[in-house]
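Notes follow once the structure below has been shown.
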Amino acid sequence: MAIRKIRKIGDEILEHATKPVKFMTPRTSILIGDMLDTMYEAGGVGLAAPQVGVLKQVVVIDVTEEGNNPIVLINPEILELSGEQTGQEACLSVPGKSGVVTRANYAKVKAYDEHMKEIIVEGEDLLARALQHEIDHLSGILYVSKVEGDLVDTSQEMAE
Ligand code: ZN
């Protein structure tokens with residue numbers, strides 16, 4: 001496994017649509033491992049494949065402080081959103097900044113895991129926020145387009 005370079009805002013690959021993964025290949029398996037390494041190394045709670053320059057529908061998330069509960073989502077699809085939360089959001093592709101974004105407080109997602117087994121992931125609060133933020137990346141959407149008010153400089157307490 002290896003650390004990959006994280007693409008930064010202004011890199012047009014972050015604005016492209018992504019393709020679904022049809023079946024697991026060694027290449028995609030390596031991508032997933034590298035994305036987990038890269039996310040943990042950068043101290044983020046989530047990473048989407050376009051952020052490492054790959055236009056595939058692959059997301060990794062870990063919202064635990066210990067960094068011991070990785071979630072791998074392939075071809076994720078939001079089934080349900082409810083409630084509302086308004087809070088600070090940040091992104092590894094927008095370093096040193098954060099902004100206020102309103103998201104659903106609950107999200108239920110269907111996806112495939114790294115073995116291409118169908119899974120359902122549901123979460124509230126930070127996990128719900130991370131799910132929505134990362135799935136947005138797969139449509140070429142950055143959170144900065146959803147910020148209420150201005151982006152602010154930050155020491156990056158929470159990065160996705
Ligand atoms: Zn992000």
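Does Val59 satisfy the criteria of being open to solvent by 30 Å² or more (accessible area, probe 1.4 Å) and among the β-branched types (Val, Ile, Thr)? Talk me through it step by step, then tell me what you get.
On the way: open to solvent by 30 Å² or more (accessible area, probe 1.4 Å): no; among the β-branched types (Val, Ile, Thr): yes.
For Val59, the condition - open to solvent by 30 Å² or more (accessible area, probe 1.4 Å) and among the β-branched types (Val, Ile, Thr) - is not met.
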Item to complete: Determine which single condition Gly149 fails, assuming it passes every other condition in (1) crowded, with 17+ Cβ neighbours inside 10 Å; (2) touching a Gly at 6+ places or on another chain (Cβ under 8 Å).
Response: (1)
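For the stretch 12-39, give me each residue that is within 15 Å of the ligand (Cβ to nearest atom) and of a type outside the set (A, V, I, L, M). Steps first, answer last, please.
Pass one, the stretch 12-39, residues within 15 Å of the ligand (Cβ to nearest atom): 13-16, 18, 35, 38-39.
Across the stretch 12-39, the qualifying residues are Glu15, His16, Thr18, Thr38.
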Worksheet item: Can you pull out the residues in the stretch 112-129 that are farther than 14 Å from Val60 by Cα and small (Gly, Ala, Ser)?
Response: Gly123
Worksheet item: Residues in the stretch 72-86: is at least one within 20 Å of Met39 (Cβ to Cβ), among the aliphatic types (A, V, I, L, M) and in contact (Cβ under 8 Å) with a residue 60 or more places away in the chain?
Response: yes
Discussion item. List the strands (runs of 3 or more DSSP E) inside the stretch 80-160, counting only whole elements, that have at least 3 residues being at pLDDT 95 or above and away from the ligand (no atom under 16 Å from the Cβ).
Written reply: 106-112, 118-124
Practice prompt. Go through (1) of a type in the set (A, V, I, L, M, F, W, C); (2) open to solvent by less than 30 Å² (accessible area, probe 1.4 Å); (3) out of contact with any Phe, Trp or Tyr (no Cβ under 8 Å at 6 or more places or on another chain) one by one and return the number of the condition Leu79 breaks.
Written response: (2)
Discussion item. Cβ-Cβ distance below 8 Å, separation of 6 or more or different chains: which pairs start in the stretch 113-137 with a residue that is open to solvent by less than 40 Å² (accessible area, probe 1.4 Å) and end on one that is of a type in the set (Asp, Glu) and outside any strand (DSSP E or B)?
Written reply: Ile119/Asp113; Arg129/Glu160; Ala130/Glu160; His133/Glu160; Glu134/Glu160
Worksheet entry | Residue list for the stretch 21-46, restricted to those being part of a loop (DSSP other than H, G, I, E, B) and loosely packed, with under 13 Cβ neighbours inside 10 Å | Lys22, Phe23, Thr25, Gly43
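The values are calculated or read from the model by the stated rules, or taken from the named source; none is laboratory data. This one's a predicted model, so the numbers in the text were calculated from it and none came from an experiment. Here Cβ is always computed from backbone atoms with ideal geometry, including for glycine, and neighbour counts include all displayed protein chains. Only protein heavy atoms, including side chains, enter the accessible area calculation; ligands, DNA and RNA are left aside. Shrake-Rupley method; radii C 1.70, N 1.55, O 1.52, S 1.80 Å.
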